[in-house]
Amino acid sequence: MFVDRDGVLNALVRRPGRSWDSPYRVDEVALLDGAAAGLARLRAAGYATVLVSNQPGHAKGYCTPEDLEAVHAAIVDRLLDAGAELDGAYYCYHHPEAIVAPLRVACDCRKPAAGLFRQAADELDLSMDRSYVIGDRAIDLEAARRAGCASVLVRSPQSPPAGEAARLGALASVPDLAAAAALITGRE
């Protein structure tokens, strides 16, 4: 089970001039309702739970690599405290318009590319044709298609309309990760 981070596991942060964004400080981290319960349900059903997320905050000059590590650790800790665990986490830190020159690249790991999904599948021995991507944006649904996975859209302020989500191949548009987990485990 490939799960996006911002807008699926944790709340988005409203920033002036940039609309909705990732948390860049630990005090901005807030798990979303249903996130831990959904992950726990998926793991109990036998799925590996793997976080896959674009995180270009450092590349764009919004935070440091240490900030990104601290936010990730806070999310993992809060999930563990709530009874949920990730089997892996894969991040793309690149951005084609980065101000940090080494991170200004066109890579195969930035969603909607499927590079991180393939890497995770290889490292964790996962079957892509039996996997799902749960995300809140059109790029998550496109990444699922490119990786050969089914997808479910969790609605967030960044989500496409339900009709567009269906056109992009989402099995359903649901309110949170718990509802996505219920849908997926109910299909199996």
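The values are calculated or read from the model by the stated rules, or taken from the named source; none is laboratory data. Just so you know, these numbers come straight off a predicted model, no measurement behind them. FYI the Cβ positions are ideal-geometry reconstructions off the backbone, even for glycines, and counts take in every protein chain you see.
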Query raised in the report: So which residues in the stretch 32-54 are closer than 24 Å to Glu142 by Cα, of a type in the set (A, V, I, L, M) and not in a helix (DSSP H, G or I), if there are any at all?
Result: Leu32, Ala48, Val50, Leu51, Val52
**Report entry** Filter result for Ser173 (closer than 18 Å to Leu51 by Cβ and either aromatic (Phe, Trp, Tyr) or outside any helix (DSSP H, G or I) (or both))
**Finding:** no
Query raised in the report: Which members of the stretch 98-136 meet the condition of being touching a Cys at 6+ places or on another chain (Cβ under 6 Å), within 28 Å of Lys60 (Cα to Cα) and surrounded by 19 or more Cβ atoms within 10 Å (Cβ to Cβ)?
Result: Cys109, Arg110, Leu116, Val133
Query raised in the report: Quick check, is His58 surrounded by 17 or more Cβ atoms within 10 Å (Cβ to Cβ) and either under 24 Å from Cys149 (Cα atoms) or within 15 Å of the chain's Cα centre (by Cα) (or both)?
Result: no
Report summary line: Checked the stretch 81-105 for anything free of Cβ contacts under 8 Å to residues at least 40 places away in the same chain, out of contact with any strand residue (DSSP E or B) (no Cβ under 9 Å at 6 or more places or on another chain) and assigned to a loop (DSSP other than H, G, I, E, B); matches are Pro96, Glu97, Val105
Query raised in the report: Do you know which residues across the stretch 145-170 are more than 22 Å from Asp33 (Cα to Cα), in contact with a helix residue (DSSP H, G or I) (Cβ under 8 Å, 6 or more places away or on another chain), assigned to a helix (DSSP H, G or I) and hydrophobic (A, V, I, L, M, F, W, C)?
Result: Ala147
**Report entry** So Val105, is it at pLDDT below 95 and either under 25 Å from Thr185 (Cα atoms) or of a type in the set (Val, Ile, Thr) (or both)
**Finding:** yes
Report task. Report yes if Asp108 is in a loop (DSSP other than H, G, I, E, B), out of contact with any Phe, Trp or Tyr (no Cβ under 6 Å at 6 or more places or on another chain), in contact (Cβ under 8 Å) with a residue 60 or more places away in the chain and not polar (S, T, N, Q), otherwise no. Result -> no
Requested in this report: Could you please let me know if Arg78 is in a helix (DSSP H, G or I), more than 21 Å from Ala11 (Cα to Cα), within 18 Å of the chain's Cα centre (by Cα) and basic (Lys, Arg)?
Outcome: no
